[in-house]
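Asker: If you scroll down you'll find the structure; I have some questions about it.
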């Protein structure tokens, strides 16, 4: 049993750490806004700043950390990706080292040139059209795709949380087979100027409105898509990204660890600088207890994530481990947020403080209906099969 | 507050199924199939009403109805909070979820048990179709990708 991070990944970690602390953290006020009424808060960094940061990140050779090398990325393993995400999560700046959804990793050679590489190089934005306005998070695909001659005709509406951009295409999930059948869903790449495809919403918002995240809505009205634009095989959309998607759960777990780490730092500063009754509050036992509880939670969660990441890198199945990571990381972060509120002597979700924004981003994927019950169910299935945990 | 000896569901199963299959709030008719007030009711009256099956107007069924949550303006149609009011404002738009039966104090526990055991879909069982297996991914992973976009 070796608890040391490999030397090369340590280097990556310190590289990202420096990048976050030197380049990203000083920009936080630009996002949060300096005015008390949040009138100058923004959703994203200004374009020129962002381009500068991207160029810097590309020069470090870390662009596309999660993207396999044959697709033009840096191809770091799961543990490496976890380390990078853990560092990146310690700032509220919406920045990633070329993050592309693994659903797109299964593109063929032509699609790679036309769609994947532009996304990786930030020339195009991929709008992931999976959710539907009527079904919410039930993951039923109501949108229909009909094959007529050499193209598919798509009909339906979608919502997406993807970032809006000038040049874009949609990654649309639509039912080609029987409704409600998992095998009947296919994935299509729909060009920006495809007939019958329209997008609304997604304007960048400033001020207090930048705090809420509103999805864009995509309408496919008899939208014609050439047959070669199908991603993967017909009816096999849920097989896309098979190799990479499970480990994304670990990476999100690492994000929770990073966020909790930042919260711990902020709380420590607060405890050491705030006085009550002539004494720094860090002297008080209940504050000490809160800090200690946070530290224990973070440490435990970090070990769970790293262990699972090592397993994934060894090619073992991480179904149960990933479920454990998601469940534990979410609960840990909730606990840490409570402790932060305790130390700050009030809710840490006051707009304008980084805490609230950090937690919101990290917990978004656990806030869907039944998300945690699902993880518990996965873990329990393994236990009931008689596997030793 | 039904009687101690309550309606045996076996004797009314056919009609109960008919009621539950109909697209209309079933609470009123289930109440009429129940045993009615028990002698120990807490109403401040001298009359013996044990066995009576009136709606007491508590409004539980109106408060629990998921359809009225989605379309709250329908509640404005009437001030009444009886099962009759529920039937008139929801009518054929009933989801047949059975919640109104479960919250009604006048419906027999035997009938409620029947509804729970034979009619209500357990929420957790839906999990099954979202969990994958060794060959297939969990649908939730795609959901996470969709939500977790920078």
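The values are calculated or read from the model by the stated rules, or taken from the named source; none is laboratory data. Just so it is clear, the model here is predicted, and its values are computed rather than measured. As a convention, Cβ positions derive from the backbone with ideal geometry for all residues, glycine included, and neighbour counts pool all protein chains shown.
Asker: Residues to consider are A:8, A:106, A:59, A:30; find the one that is in contact with a strand residue (DSSP E or B) (Cβ under 7 Å, 6 or more places away or on another chain) and farther than 24 Å from residue A:360 by Cα.
Answerer: Details: A:8 fails: in contact with a strand residue (DSSP E or B) (Cβ under 7 Å, 6 or more places away or on another chain); A:59 fails: in contact with a strand residue (DSSP E or B) (Cβ under 7 Å, 6 or more places away or on another chain); A:30 fails: farther than 24 Å from residue A:360 by Cα.
None of the other options fit; the residue is A:106.
Asker: Out of all the residues in the range A:6-37, which are surrounded by fewer than 16 Cβ atoms within 10 Å (Cβ to Cβ) and either closer than 18 Å to residue A:262 by Cβ or in contact with a helix residue (DSSP H, G or I) (Cβ under 6 Å, 6 or more places away or on another chain) (or both)?
Answerer: Residues satisfying the conditions are A:14, A:18, A:21, A:22, A:26, A:28, A:29.
Asker: List the number of the failed condition for residue A:214; all other conditions in (1) touching a residue at least 40 places away in the same chain (Cβ under 8 Å); (2) under 21 Å from the mean Cα position of the chain (by Cα); (3) over 30 Å from residue A:294 (Cβ atoms); (4) within 14 Å of chain B (Cβ to nearest Cβ) hold.
Answerer: Here residue A:214 clears every test but (1).
Asker: So, restricting to strands (runs of 3 or more DSSP E) that lie completely within the range A:101-170, which ones have at least 2 residues that are buried (at least 20 other Cβ atoms within 10 Å of the Cβ)?
Answerer: Numbers: elements: A:125-129, A:144-148, A:151-160.
Per the criteria, A:125-129, A:151-160.
Asker: Related question: So in the range A:285-302, with the set limited to residues that are free of Cβ contacts under 8 Å to residues at least 40 places away in the same chain and surrounded by fewer than 21 Cβ atoms within 10 Å (Cβ to Cβ), which one is nearest to residue A:272 (Cα to Cα)? Steps first, answer last, please.
Answerer: Pass one, the range A:285-302, residues free of Cβ contacts under 8 Å to residues at least 40 places away in the same chain: A:285, A:288-289, A:292, A:295-297, A:299-300.
Now narrow it down to the ones that are surrounded by fewer than 21 Cβ atoms within 10 Å (Cβ to Cβ): A:285, A:288-289, A:292, A:295-296, A:299-300.
Numbers: A:285: 13, A:288: 11, A:289: 14, A:292: 14, A:295: 16, A:296: 19, A:299: 22, A:300: 25 Å.
The extreme case among them is A:288.
Asker: Let me ask something else about it. Looking at the range A:1-59 only, could you name the residues that are in a loop (DSSP other than H, G, I, E, B) and within 19 Å of the chain's Cα centre (by Cα)?
Answerer: Filtering the range A:1-59 down to residues in a loop (DSSP other than H, G, I, E, B) leaves A:1-6, A:33-41, A:43-46.
Selection gives A:43, A:44, A:45.
Asker: Six or more apart or on different chains, Cβ under 6 Å: which pairs go from a residue in the range A:358-373 that's more than 7 Å from chain B (Cβ to nearest Cβ) and more than 19 Å from residue A:91 (Cβ to Cβ) to one that's modelled with pLDDT of 80 or more and surrounded by 15 or more Cβ atoms within 10 Å (Cβ to Cβ)? Could you list them?
Answerer: As it stands, the answer is A:366/A:330; A:372/A:327, since those pairs meet every condition given.
Asker: Please go through (1) part of a helix (DSSP H, G or I); (2) under 21 Å from the mean Cα position of the chain (by Cα); (3) free of Cβ contacts under 8 Å to residues at least 60 places away in the same chain for residue A:250 and return the number of the only condition it doesn't satisfy.
Answerer: (3)
Asker: Would it be correct to say that residue A:323 is at pLDDT 90 or above and under 21 Å from the mean Cα position of the chain (by Cα)? Talk me through it step by step, then tell me what you get.
Answerer: Working: at pLDDT 90 or above: yes; under 21 Å from the mean Cα position of the chain (by Cα): yes.
Here the answer is yes, as residue A:323 does meet what is asked.
Asker: Only one of (1) touching a residue at least 40 places away in the same chain (Cβ under 8 Å); (2) within 11 Å of another protein chain (Cβ to nearest Cβ) is not met by residue A:153, so which one is it?
Answerer: Exception for residue A:153: condition (2).
Asker: With the structure loaded, tell me whether residue A:228 is surrounded by fewer than 22 Cβ atoms within 10 Å (Cβ to Cβ) and part of a loop (DSSP other than H, G, I, E, B) or whether it fails that test. I'd like the intermediate steps shown before the answer.
Answerer: Numbers: surrounded by fewer than 22 Cβ atoms within 10 Å (Cβ to Cβ): yes; part of a loop (DSSP other than H, G, I, E, B): no.
So residue A:228 does not fit the description; no.
Asker: Does the range A:52-70 contain any residue that is within 14 Å of chain B (Cβ to nearest Cβ) and either closer than 23 Å to residue B:139 by Cβ or free of Cβ contacts under 8 Å to residues at least 24 places away in the same chain (or both)?
Answerer: Yes, that holds for at least one residue.
Asker: I've got another one for you. Give the residues of the range A:165-185 that are free of Cβ contacts under 8 Å to residues at least 60 places away in the same chain, within 14 Å of another protein chain (Cβ to nearest Cβ) and touching a strand residue (DSSP E or B) at 6+ places or on another chain (Cβ under 6 Å), sorted by residue number.
Answerer: Listed by number, the residues that qualify are A:165, A:168, A:170, A:172, A:174, A:175, A:184, A:185.
Asker: Checking residue A:233 against (1) under 30 Å from residue A:89 (Cβ atoms); (2) at pLDDT below 90; (3) out of contact with any helix residue (DSSP H, G or I) (no Cβ under 7 Å at 6 or more places or on another chain); (4) surrounded by fewer than 24 Cβ atoms within 10 Å (Cβ to Cβ), only one condition comes out false. Which one?
Answerer: Only one criterion is unmet by residue A:233, namely (1).
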